[in-house]
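Notes follow the structure.
None of the figures in this text is laboratory data; all of them are computed from the coordinates on show. The structure presented is a predicted model; accordingly, all values stated were derived computationally and were not measured. Here the Cβ positions follow ideal geometry from the backbone for every residue, glycine too, while neighbour counts run over all protein chains shown.
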Amino acid sequence: MDEITVTAPATVSNVVCGFDCLGFALERPRDRFTLRRIPEKVVRIINKDGFGLPVDPERNIAGVTLVAMLEDSGVDHGFEFESDKRIKPGSGIGSSAASACGAAVAANELLGRRYSQDQLIEFALAGEMLASSARHADNVAPCILGGFTLVRSTDPLDIVLLDHPDLFAAVLHPQIEVRTSEARDLLPKTISLSSAVPAWANLGAFVAGLSAGDYGLIGRSMVDEIVEPARRFLIPLFDELKRASLDSGAIGGGISGSGPSVFMLSRDRPTAERVAKEMRNLYAAGGIEFNTYISAISSEGVRIEK
Ligand code: HSE
């Protein structure tokens, strides 16, 4: 096989109470990538989308991932990576993870499937590091594995696939860019024990709520007094979006990843549609361009198309 096309899903990370460790995959949007084997021992990037991402492989998330895989495998060829992204960079729904994971899975196919899923996550993490200068797998894990994931540890990698009841996300993506590295600079470097205890309690209760299908517990646990207060000002009308969504029946939600996207979870699709409509109504008056997505949690990560 000399060429392969894959699609990679958008992902929601943090999920309010699980900074850098919780995440889930969305059904849409998905990025589309084609990878080709080329005789020259280089990584060549072709951008078919209009996002103007760097074509220098050392400065491109997919490029860094592919260079790492070529070096590790020691093969005698290179790759041409054709990118047709639908997930806008800096959107907060895992655009960089989709590039890294799409590249890793596609390369694994052309390298004879020599790597495990954990190894692919490790390679994708090398790419993700370029975007955020931090080693966090909360987008990368669900992007590769699909579903709802908890990253218990990145060193060594230990990822837990979480059981969950039906959940539907309404996602509002304001067309403003928030760089993950800059959103991370806003965060406190240390926290007190008195803020850590409720955070641990909420994360534990959230996972218990997912496992028991207890929507009330899931909603009550989606509280974050550490990261959200430092970032919420990045998102126009954040408090109003949250209030209107909860009033429309959402069980909880907040900033998706490092923002600016906002996600709200509901127990069924009609409620998620109502929530998305409320979000659209609020933003329609504000003069900021936006997209909305409604999606179940997707059990599918990166998918091989052809
Ligand atoms: N957990 C990361 C953060 C996600 O909030 O900075 C961003 O990709």
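A few notes on this one:
- Sites Arg86 and Arg220, calculated FRET efficiency, Cβ-Cβ separation with R0 30 Å, nearest 0.05: 0.30
- Cα lying deepest toward the dipole's positive end in the range 216-306, options Pro236, Pro270, Met222, charges on Cβ: Pro270
- Backbone N within the range 140-155 under 14 Å of label point (7 Å from Phe51 Cα along the Cβ vector): 140
- Assigned charges on the beta-carbon of Lys, Arg, Asp, Glu; the range 123-265 dipole about Cα centre (debye): 200
- Partners of Lys85 within straight-line reach, counting lysines whose Cα lies under 30 Å from its Cα and excluding those fewer than 8 residues away in the same chain: Lys41, Lys48, Lys242, Lys277, Lys306.
- Once the chain from Glu3 to Ala212 is taken as fully extended at 0.36 nm per residue, the excess over their C-alpha distance is 70.9 nm.
- Calculated on alpha-carbon atoms, Rg and Dmax of the range 184-286 in Å: 14.5, 41
- Structure-based [θ]222 nm, the chain - -39500 (n - 2.57) summed over DSSP H runs of at least 4, per residue, nearest 500: -11500 deg cm²/dmol
- Candidates Phe51, Leu162, Leu130 compared by Cα position along the dipole of the chain: farthest toward the positive end lies Phe51, with charges placed on Cβ.
- The orientation-averaged projection of the convex hull spanning the C-alpha atoms of the range 54-201 amounts to 11.0 square nanometres.
- In this label model, Val42 and Ser133 are separated by 3.0 nm, measuring between points 7 Å along each Cα→Cβ vector.
- Cα centroid separation, the range 230-250 to the range 255-300: 10 Å.
- Residue with peak Gaussian network fluctuation, the chain [Cα springs, cutoff 10 Å], from Ala296, Ala141, Ala230: Ala230
- Averaging Cα coordinates gives a centre for the range 144-162 and one for the range 89-117; these two points are 15 Å apart.
- Values of log10 I(q)/I(0) for the chain across q = 0.15 Å⁻¹ run -1.12, by the Debye formula with one identical scatterer at each alpha carbon and no solvent.
- The alpha carbon convex hull volume per residue for the range 222-266 rounds to 65 Å³.
- Of all the options Ala205, Ala196, Ala126, the one that moves most in a Gaussian network model of the chain with Cα springs shorter than 10 angstrom is Ala196.
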